[in-house]
Amino acid sequence: MSGDTLTPELSRRLLRKLREIRQFEERIISIYPTDVMVTPVHLHIGQEAVPVGVCDHLRPHDVIFFGHRTHGFALAKGMAMRSLMAELYGRTTGCAQGFGGSMHLVDPANGLLGSSALVGGSIALGVGAALAAKLEKRDQWAVSCFGDGAADSGVFWESINFAALKSVPVLFVCEDNALSNVMRKQDHLFADIVAVAENFMNVWRADGTDVLSVRAAAGEALAHIRASGKPALLWCPAKRWMKHQGVEADNLPFNPVDRTGDCPIRKLEQVMLAKGLITQAGIDQMTGEIEGQIDAAVTYARQSPFPTPAMLATEV
Amino acid sequence: MPWSRFDQSQAAPDGSGRILTFKDAIREAIDQAMINDSRVFAIGLDADDKFGVFGSMFNLTHPERVIGTPISENAITGVALGAALNGLRPICIHLRVDFMVLAMDQIVNYIAKWRYMTRGQVKVPIVLRAVIGRGWGCGAQHSQSLGGFFAHIPGLKVVMPSNPYDAKGLFLAAVKDDWPVIFIEHRWLYKNTGPVPEEMYVLPLGKGRVVLPGSQLTVVATSLAVVDAFNAISGHSLDAELIDPRCLKPLDEELILASVRKTGRLLVVDYDFPACGFAAEVCAVVAEKAAHHLQRPVQRMTFPESPMPASGVLEKVYYPDPDTIAARIKSILNET
C-alpha cells in the first residue's frame, strides 16, 4: 500500500479531508464565542494528518475508537458534517440527538460505534472490536487511537499485553503530540512509547504532520496485521496547535508551533502543486466548496429542534 | 434471530424431576447460550481453565470461544465491551467481585452509559459475572457483595439469583438482553440443588417471586439471604411473607408494595453494606409509595457499617444468619 502512486484522485481525496477537518474546526472557533455550542471541544487542528492518513485505508464497516479529540476522526471516517454540527449545537438531528456532545460521537454506518472522553479506556474497546472480527473471521479492521497522555494509563499496558498475547489483529495508533493537557511528555511519561511497545509488537513510525507519511506507514502496518494476524502500533508524532480544550491557540512555552512548517495541509499542497496535481485555483475552489458545505451544516443545525424533556430518561 | 423464539412466553417450564446444583445450572446456561448463538463467548481470568471459575466452565461444548486472560480486569472488561459493540455477546467473568472494582472505569463510565450516549444506536449485550463469597477468614477484600454499588448506576441491570432454577433462567435472560447485566453469584449457593429443566428458558429480568406466603410481615431478601430467611421463617413457623426480587434493578416494586399493603410491616435482609444500599432503596420505595399502609417503621438487616473481619469469632458477629434473622422477625412480630 505504501508504494501507491500519488494520483490526482488520491491526493485530492486526502487534501479534501484535511481541509474539511481544518475548515470545520475553524468555523467552530468563530462560532464558539457566541455560546450556541455549549459543549467542551478538543480541536484537532494541526494533527489532521493522523486521522486522514489512517482512515483513508478504512472502509465504512471498519471500526475505529479514539479519545476526547473526536472531530478529526469522525469526519475522516465519513461522518456527515451536518450530523456533527447539529450534535455540537445540541440538536436532535445530531449524531447522538444532542445527548453526546463533542466528546461522544456515534455513527454506526461509518464504523463509529461510540466514543469516550475518558483518557485510555477506549484503547481496550478497539482490541475487543478486533477480537470480535477475529472470532467471526470477518474482513474488518479495528483501530485504537490514543495520545501520548493515554500511554500513562494502566489500560494501555493491559491492552497491548492482551493483544500481543492473544494475537488480536488490532492497529494501535499513537497520536503523540507530546502533551498531556498542559504537561510536556518528559513530565508525564518516563519511558519511550515506541521502545516499550516494540517489546510487544511491530511498530511503524510516521511523521504526524505529513498525511502521505501517515498513510504509507498505516498501510504497511495493516498489511503486516493481515499477513501475521498480530497487532501493530503506528506512532505519529504530531503538533497540537490549539489548547487542550477550547478554541484558543496553545501558548505553552515548550510547545512552539510552526504554522508553516508543521502544517499538514500546506505540506500536501506543496507536493501537489510541485507535481502538477492541483493548481492554486483548484485549491481555492475546493476551499470554497467546503465553506459551502459548512454553511449548509450550520444552517441545518440551527434549524433543527432541541431535544425535549420527555427524551431525558430514555435509553437508560 | 436465534433468541427470538424465547420472546413468545416468559413463563418458564415447570421444574422437571431433574435436580441440578446452582453451579451446574449456570454452567448449563452458558453452554446452551454458546451452542444457541455463535456470537456468545466467554472471557476472563481462569475462564479457560478446566476447573476454573469454581467448576462453572467445566467441559463446555465450545472451548474455542472461551478466552482466558491475564489479570487485567479493566482492559479485559473493555475488550468485552468492544466485542459487544462490534456485534458479539460476551460473558465477562470476574472471579471475585472485589477484583471487578478494578474495572469500574469500564463498567460505570463506559458500559453503563454507552446506550444512553449513543441513543441506542449501539447495543450493549454484555453479561458481567461477579462471584461473591465470604467466610473462612477471607477478610475485607474477598467478602464483599457490592450489588447496591452497581445498582446505583443508571444503565446497569443487576441480577442476584438465589436458587438453581432462577440462576439458569435469569442467566439466559441476561445473555439474551441487549443491555449490560451484572450477574452476581454467591459461592455459598453453588452446591445447593433444585429442579432445573433441561431445555432453555428465560425468566424476565425485573420480576420477583413470593417464596413463602405470609400475612404479618414482608421480608425482602436476595441471593444467599433468601435461603437464610427461608430457613428462619419456615424453621420457626413464623407468619412472614418472603419475597425474592431476583433483580436489584430493574426492581419488581409492585410485588413488594402489594405485600407490604397486606402485611403492614417490612424487613429487608440484604447481605451488603448498609449506607445508600439496596435495603435502603427498598425501604425508600415503600416509604414513598405505601407509607400509609405501614403499621411499624421499616427495618433493615445488613452487614455492619464496617469492612469484613477475618477471625471466625468476629465473622460470626458480623454476618446475619438464619438465627439472627429469626430473632429479628420474632421481635418485629412481637411488637404488636
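Miscellaneous remarks
- In segment A:156-183, the residues that are open to solvent by 10 Å² or more (accessible area, probe 1.4 Å) and either within 9 Å of chain B (Cβ to nearest Cβ) or farther than 24 Å from A:Met242 by Cβ (or both): A:Trp157, A:Glu158, A:Asn161, A:Ala164, A:Leu165, A:Lys166, A:Ser167, A:Pro169
- Qualifying residue in segment A:215-226 (condition: modelled with pLDDT of 95 or more and in contact with a Cys (Cβ under 6 Å, 6 or more places away or on another chain)): no
- Each residue in segment B:187-222 was checked for being free of Cβ contacts under 8 Å to residues at least 60 places away in the same chain and within 28 Å of B:His236 (Cβ to Cβ), and 11 pass.
- Evaluated against (1) among the charged types (D, E, K, R); (2) under 21 Å from the mean Cα position of the chain (by Cα); (3) open to solvent by less than 50 Å² (accessible area, probe 1.4 Å), B:Arg300 falls short on exactly one condition, (3).
- Helices (runs of 4 or more DSSP H) fully within segment B:69-120 counting 3 or more residues that are within 7 Å of chain A (Cβ to nearest Cβ): B:73-85, B:114-117
- Residue within segment B:129-145 that is open to solvent by 20 Å² or more (accessible area, probe 1.4 Å), farther than 18 Å from B:Ala279 by Cα and under 14 Å from the mean Cα position of the chain (by Cα) present: no
- Matching residues, segment A:113-149, being outside any loop (DSSP other than H, G, I, E, B), more than 7 Å from every other protein chain (Cβ to nearest Cβ) and closer than 30 Å to A:Asp187 by Cβ: A:Ser122, A:Ile123, A:Val143, A:Ser144, A:Cys145, A:Phe146, A:Gly147, A:Gly149
Okay, residues lined up against (1) more than 22 Å from A:Ser213 (Cα to Cα); (2) in a helix (DSSP H, G or I); (3) open to solvent by 10 Å² or more (accessible area, probe 1.4 Å):
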{"site": "A:Arg12", "(1), (2), (3)": "no, yes, yes"}
{"site": "A:Arg19", "(1), (2), (3)": "no, yes, yes"}
{"site": "A:Ile31", "(1), (2), (3)": "yes, yes, yes"}
{"site": "A:Val38", "(1), (2), (3)": "yes, no, yes"}
{"site": "A:Ile45", "(1), (2), (3)": "no, no, no"}
{"site": "A:Arg59", "(1), (2), (3)": "no, no, yes"}
{"site": "A:Ile64", "(1), (2), (3)": "no, no, no"}
{"site": "A:Arg69", "(1), (2), (3)": "no, no, yes"}
{"site": "A:Gly72", "(1), (2), (3)": "no, yes, no"}
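- Matching strands (runs of 3 or more DSSP E) fully within segment B:153-247 where at least 2 residues are within 13 Å of the chain's Cα centre (by Cα), crowded, with 19+ Cβ neighbours inside 10 Å and among the aliphatic types (A, V, I, L, M): B:157-159, B:181-186
- Checking each residue in segment B:248-277 for being part of a loop (DSSP other than H, G, I, E, B) and over 25 Å from B:Glu305 (Cα atoms) picks out B:Pro250, B:Asp252, B:Gly264.
- Residue in segment B:37-55 that is among the acidic types (Asp, Glu), within 30 Å of B:Asn192 (Cα to Cα) and under 22 Å from the mean Cα position of the chain (by Cα) present: yes
The values are calculated or read from the model by the stated rules, or taken from the named source; none is laboratory data. The model shown is predicted, which means the values in this text are computed figures rather than measured ones. As a convention, Cβ positions derive from the backbone with ideal geometry for all residues, glycine included, and neighbour counts pool all protein chains shown. Accessible surface is based on the protein model in full, side chains and every heavy atom, while ligands, DNA and RNA are left aside. Shrake-Rupley method; radii C 1.70, N 1.55, O 1.52, S 1.80 Å.
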